[in-house]
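In what follows, a single structure is set out as structure tokens and then discussed.
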Amino acid sequence: MVKTVRPIGIFDSGIGGLSVAAAIRELLPDEPLLYVGDSAHVPYGGHDDVFIRTRAETLADFLVDRDSKAIVIACNTATAAAAARLRERFEIPVVGMEPAVKPAAAATRSGIVGVLATAGTLASARFAGLLDRFGDGVEVLTEPCPDLVDLVERGVLTGEEAQHRVSAHVEPLVGSGADTLILGCTHFPFLRRLIERAAGPDIRVIDTGTAVARQLRRQLADDELAAGKCGGLQLFTSGDPEDFSLVARRLWKDAPDAASLD
Ligand code: DGL
């Protein structure tokens, strides 16, 4: 059988989706990855759905034009606004992501869960639906954190400023009794150590990158889209490629130079 070398196309509002790309790389090391960060328009968190949907379609078109065999929306905010639209438009698998309310509700012992996410995700119908389905009997505290997205976009992952900003979001949640925190934005796994430090040792922190990678693996197997053999990562950005490459190398050892989207 001839193995396909079509890449997996991944996009996010910026650099945060590399946390999802890393989980995919871990589970599917032979798959070539094509990543687009929409850095000229980050953050998505404050934009309306129509804007995000339009951007998501542009990015998905770019990935499909480059023969992607699947699209991963490595962004909770864009999934909420645009996953349904992309699934309507494209025949290839479209894998999205959402805050891990179900596993968090199962894991909490205090009955209180905190969600760190964008304002867009927290206001979305998709998130309301998650609370309806899985939030029964659990108190879910929501915390929009646009400044944490900004930290990661600037590559500020350690130090006093980063810890201070992270603590300002995490401490009130833990102080209100949350024993489980959901990383509901793909930028936040890059701040995981600071989040855990602010939360303290007894708090569980849940990320969805690996679950998304598993879902992608299932989908590729179902559709018989065999793994490529070359691995590799290509980066594109709608922003400044040099700035993007600089930060990407802080998040992904040996990240290649990013190219411009246009
Ligand atoms: N990384 C994105 C998410 O998972 C959003 C960050 C932003 O652009 O506001 O929601």
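Length, then width, then depth: along the principal axes, the Cα atoms of region 67-123 run 46, 21, 15 Å.
Taking every pair of alpha-carbon atoms in region 165-262, give the share separated by more than 23 Å as a whole percent. Present the calculation step by step, with values, prior to reporting the outcome.
Working: 2373 of 4753 pairs.
In whole percent, the long-distance tail amounts to 50.
Only helical DSSP H runs with n ≥ 4 go in: add -39500 (n - 2.57) per run for the chain, normalise by residue count and round the 222 nm mean residue ellipticity to 500 deg cm²/dmol. So the helix-based figure for the chain works out to -14000 deg cm²/dmol. For region 102-163, the equivalent ellipsoid derived from the alpha-carbon gyration tensor has semi-axes of 27, 15, 8 Å in decreasing order. Report, to the nearest 10°, how far helix 76-89 tilts away from the longest principal axis of the Cα atoms in the chain, using its own Cα long axis and a range of 0 to 90°. Relative to the chain, helix 76-89 is tipped by roughly 40 degrees.
Measuring max minus min along each principal axis, the C-alpha atoms of the chain give extents of 54, 38, 34 Å (largest first).
At R0 = 45 Å, how high is the FRET efficiency between Gln163 and Glu224 if r is their beta carbon distance? Nearest 0.05 is fine. Don't jump to the answer; show the numbers that get you there.
On the way: r = 47 Å, r/R0 = 1.04.
Efficiency for this residue pair is about 0.45.
Our summary of shape: the Cα atoms of region 1-144 have principal axis extents of 51, 34, 26 Å, ordered from largest down, in whole angstrom.
Only the coordinates and a few stated rules stand behind these numbers; no lab work does. As the structure is a prediction and not an experimental result, all values here were calculated from the model. Neighbour counts run over all protein chains shown; Cβ positions are idealised from the backbone, glycine included.
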